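Below is one structure, written out as structure tokens; the observations come after it.
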Amino acid sequence: MADGEKKRAINRLKTMYPLRALVDGMYERAVEASKEGKPVAWCMVNWWGGDAVLRAMEVAAIYPEDYGAVCAAFGTAPTYLAQSDSDGFPSHMCGYARNCLGYAARMKDLGEIPPEAPMGGMPKPTLLLSSGYFCDTRYKWFQALGRYLDAPVWVLEMPHPGVKESRMEGVREHNIKFLVEELREFIAFLENLLGKKMDRDRLAEIIDDTIEMNRVWHEVNELRKARPCPMHSRDFWSSMPASLYMAADPKVTADLYRQMYDEAKSMVDNHIGAVEEEKYRLAFAELPPWHSLGFFNQLAERGWNFVIESWAYHPPKPIDLSKVSDPLERVANLTYQYFSGYFEDAFNTGDWWGYFAHPYLEFVREYQCDGIMLHPLLTCRTATNHLMVVQDQLMTKLKVPSLIIEGDIVDLNLFDPADALRKAETFEETMSHYQKVRKEAGLAW
Amino acid sequence: MVTGKINHTEILSVAEAGLSKTKQIYQDRTRRVKELKAEGKKVIGYLDIYPVLEMLTALDLVPYRILGDMREPITKADTCLPTVVCPFLRSVMDLGLKGKYNFLDGVVMAHGCEVSEKTAHIWRTYLNPSYAHFIDTPHTTHAAAQRQHKELLKDFKRTLESFTGKELSIEKLKEAIKIHNEQRALVRELYDLKKPDPPLISGVETLQVMVALASLPVAEGNELLRQVISEVKQRKDGPAKKPARLLVWGSIIDDIALIDMMESIGADVVMDDTVLGSRAYFSPVALTADPLDGLAHRYLVELKSPRTFRETVLSETKRKDYMTDLENRFGYLKDYAREWKVNGVILQALRYCDIHGYEVPGLKDYLASIGLPSIYLEHDYSEAALAQLRTRVQAFLEVIS
């Protein structure tokens, strides 16, 4: 550290930067592809099956959900939000969606990528790949884009297996079959749209690399159980898109995650934490205020280390797929493992609503958290629905308190960092109190 | 009992027939099902229009639609559903937590929307019903989705059979489909009475009928419909002719307040596209060799709701044409407007209803393209907001009249 240089509150992992660059670069790569006349897809997160098919068909994929976070971080989101509002989309709807609708409207008006668009912008798509999983927005948004774009939409269907019914005999089998058949229908749609056949050997290779990429990424996050935790949530949020959005060849991404594993392991072995003096270990739910991430540096200065986040952005728990030979079945099983693997504990205790909230119990217990910051998003039902149950269950079962900070992923006006910091200061006393309560209750941390 | 013919003495324990009976049921929805429960029948609550009711009826279970109460303050639901989700579903959950649905023997809910999916699980966790089933209704009409939907109905059949200890036979299911289709045809006949100018039955009365149907076994509902249709055709004191004939589209309306407000300021609500109105009834079930085929198809493909994605056939250049897409999604509204001589459309949605919210600009574009003026109202499922909405509707009526 040079003389006079202020020490950073969070030790950022050096291996995070190439992962972030991989994601940042996908926009410019898509613009280049578009200029060369190659197909471009705007995609929702689809848990790897659709991504693998697109990559095998040499379609450049970009992700408007990620681009919403980019526009929020770069400060261009307000322009697009205002455009969406003026076009009549209700302002309580998803910030990512409104950002994208506003962006598409502006691109249509200008006839080109808006000049202020960060990271090179999103080029006009050949198709839109949507998803039926998680929230209604993730397919209604792309349907609504028809107002500005003439790209066809394909909605990749996925079951919601995290419920009691999913434990019935034969249900897993018909759900996997559904996922495979959906991928087959998507391939047929894509082959017809693009007028070429898919390279099935290439698809198999990409799927195998994707399985391995997620395995390594899972191992990285396992290291974060160490005290002090070597990786702050800020690094997680910078690194997760490489997996979640399949920003590049998964073989390349897997190598970068291996490098990250090595760095984090070295820190664990040498007792180096992401925060200099780790006083409090916290979990975070759900998505952060992308426009105000500096807020976490202020908390880090107070000894707050965010050691785990919502399961929804984590890779699936590793699963043995060695006996599954068909590539589509392999990736369908991986996707299904993501949808169900985190809920085993909930199933075993009959906590059916817990299928969404229960993973927090497991995370908070295993990562030994002193508290959790809940971030209800005023424009996102999916990220908010279950938070009251999370709060209730963490306190009832683990004596871990919650700090609720309302905000939004994109809309800066809905988040007040000064007020949040005041609440956080007070919350330290609460966390300290419950450290004693847990000790008295015989809990492990 | 699965039959289209019932003895008049079997039905409701109120003396009057037709509209006055309807009004009584509207005001006291639970009375009849509590009587039936006392007689040993099992009452199954359901949410939205995606649970397959024929399967309940075939097993002699009484389907009872779970609705909210916009006149009751939400005081309990805050513990399990945040304020930024559908206020109707918050009301539903609130009533459940207050014990207002304790008479139910079980519930069946489906993936009608994202929050209703979560409500299904919250209900099961917090209210612990002795029977609960969730149908994960797919979101598209893909061939794979239709096959999956049939598999889901087979799962539903298994839990129902386990709950009742009875076999759900093909014959019983076919009988149930017939009687539910009969109800759908009668509702169509009822709505036909709204085509004349002035309409023979008001929007408020129609909604009361629909709420009553959602509160009765299907056979009794059919009998009630016959009585109402007969009475309305004969009466001389129906609604007056008004300058505006409205179609109301959007989120659920289960209280007459909103419609009453519109009809009190110069409009007849002659048609609707809502889940307690035409949307729930206008699509019959095809009678197929395996009745689950017809049911799976009707409840996924035939029901016209924005929660199910339908992609438009692409042009020769494999691009999507916006107006063709709108025609594909909303063309049936043009038919409604023509047949019911509509001269204005109210688009209304509950705050935080994403399913309907995303449709608004596109639907307004479509309505404008066919020369129909429209206005969008957003509300929070409370009486308090009506005054402000009244001013906006009044201004709209002045424009279209």
Checklist entry - Alpha carbon centre of the stretch A:90-152 versus the stretch A:301-325: separation in Å? => result 29
Next on the checklist: Springs between alpha-carbon pairs under 10 angstrom, Gaussian network model over chain B: which of B:Arg65, B:Arg298, B:Arg147 fluctuates most?
Outcome noted: B:Arg147
Item to check | Rounded to the nearest 20 debye, dipole of chain A from Cβ charges on Lys, Arg, Asp, Glu | outcome: 360
Item to check | Interface area, B with A, accessible, probe 1.4 Å, both sides summed, Å² nearest 100 | outcome: 5300
Checklist entry - Taking R0 as 30 Å, what's the FRET efficiency between A:Met395 and B:Glu72 from their Cβ-Cβ distance, rounded to 0.05? => result 0.60
Checklist entry - For B:Ile265, what accessible area in Å² do you get when you roll a 1.4 Å probe over the heavy atoms of the protein chains, rounding to the nearest 10? => result 30
Checklist outcome for this item: Tilt, helix A:64-74 to longest principal axis of chain A (alpha-carbon atoms), in degrees rounded to tens, equals 60
Checklist entry - Once label points are set 7 Å from the Cα along Cα→Cβ at both B:Leu127 and B:Ser162, what is their separation, rounded to one decimal in nm? => result 2.1
Item to check | Label-zone membership for the stretch A:366-398, site A:Ala444, 7 angstrom Cα→C-beta point, backbone N under 13 Å | outcome: A:366-369
Item to check | Helical mean residue ellipticity (222 nm; -39500 (n - 2.57) per DSSP H run of 4+; nearest 500) of chain A | outcome: -16500 deg cm²/dmol
Checklist outcome for this item: In this structure, the FRET efficiency calculated for B:Ala143 and B:Ala289 from their beta-carbon separation, with R0 = 22 Å, to the nearest 0.05, is 0.70
Item to check | Förster-model FRET efficiency, 51 Å R0, A:Arg227 and A:Glu32, C-beta, rounded to 0.05 | outcome: 0.70
Checklist entry - Taking the Cα-to-Cβ direction at B:Ala384 and at A:Asn297 and moving 7 Å from each Cα, how far apart do the two end points lie in nm? => result 4.2
Next on the checklist: What whole-number distance in Å separates the alpha-carbon centres of the stretch B:139-153 and the stretch A:377-428?
Outcome noted: 37
Item to check | Computed lengthening from B:Ser20 to B:Ile265, 0.36 nm per intervening residue step minus Cα-Cα distance | outcome: 85.8 nm
Next on the checklist: I'd like the Karplus ³J(HN,Hα) series for the stretch B:307-314: coefficients 6.51, -1.76, 1.60, θ = phi - 60°, whole numbers in Hz, and an x wherever there's a Gly or Pro.
Outcome noted: 6, 9, 7, 10, 8, 7, 4, 7
Checklist outcome for this item: Here, A:Lys14 and B:Phe103, labelled 7 Å along Cα→Cβ, have an inter-label distance in nm of 7.2
Checklist outcome for this item: GNM on chain B, Cα springs under 10 Å; top mean-square fluctuation among B:Met271, B:Met323, B:Met261 goes to B:Met323
Next on the checklist: List the residues, sorted by chain then number, that are 5 or more residues from A:Tyr133 or on another chain and whose placed amide H is less than 5 Å from its amide H.
Outcome noted: A:Met158
Next on the checklist: Quick check for you: with a 1.4 Å probe and neighbouring chains kept, what is the accessible area per residue of the stretch B:29-175, in Å²?
Outcome noted: 33
Checklist entry - Along each of its three principal axes, how wide is the spread of alpha-carbon positions in the stretch B:240-400, in whole angstrom units, largest first? => result 49, 39, 33
Checklist outcome for this item: Toy charge model, Lys and Arg Cβ at +1, Asp and Glu Cβ at -1: the protein assembly as shown dipole around Cα centroid in debye, rounded to 20, equals 1340
Next on the checklist: Given a 1.4 Å probe and heavy atoms of the protein chains only, how would you sort A:Ser233, B:Ser369, largest accessible area at the top?
Outcome noted: B:Ser369, A:Ser233
Next on the checklist: Working only with C-alpha atoms, what are the Rg and Dmax values of the stretch B:29-175, expressed in angstrom?
Outcome noted: 15.7, 46
Item to check | Size of electric dipole in the stretch B:240-400: Cβ of Lys, Arg +1 and of Asp, Glu -1, about Cα centre, debye, nearest 20 | outcome: 400
Checklist entry - In whole Å, how far is the Cα centre of the stretch B:343-401 from that of the stretch B:17-41? => result 33
Item to check | Convex hull volume per residue for the protein assembly as shown, taking Cα atoms only, in Å³ | outcome: 170
Checklist entry - Where does each of B:Arg71, B:Arg158 land when they are ordered by accessible area, with a 1.4 Å probe and the largest first? => result B:Arg71, B:Arg158
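The values are calculated or read from the model by the stated rules, or taken from the named source; none is laboratory data. All values derive from a computational prediction rather than experimental measurement. A quick note on method: Cβ atoms are made from the backbone with ideal geometry, for glycine too, and the neighbour counts reach across all protein chains shown. Keep in mind that these areas ignore ligands, DNA and RNA; they rest on the heavy atoms of the full protein, side chains included. Shrake-Rupley method; radii C 1.70, N 1.55, O 1.52, S 1.80 Å.
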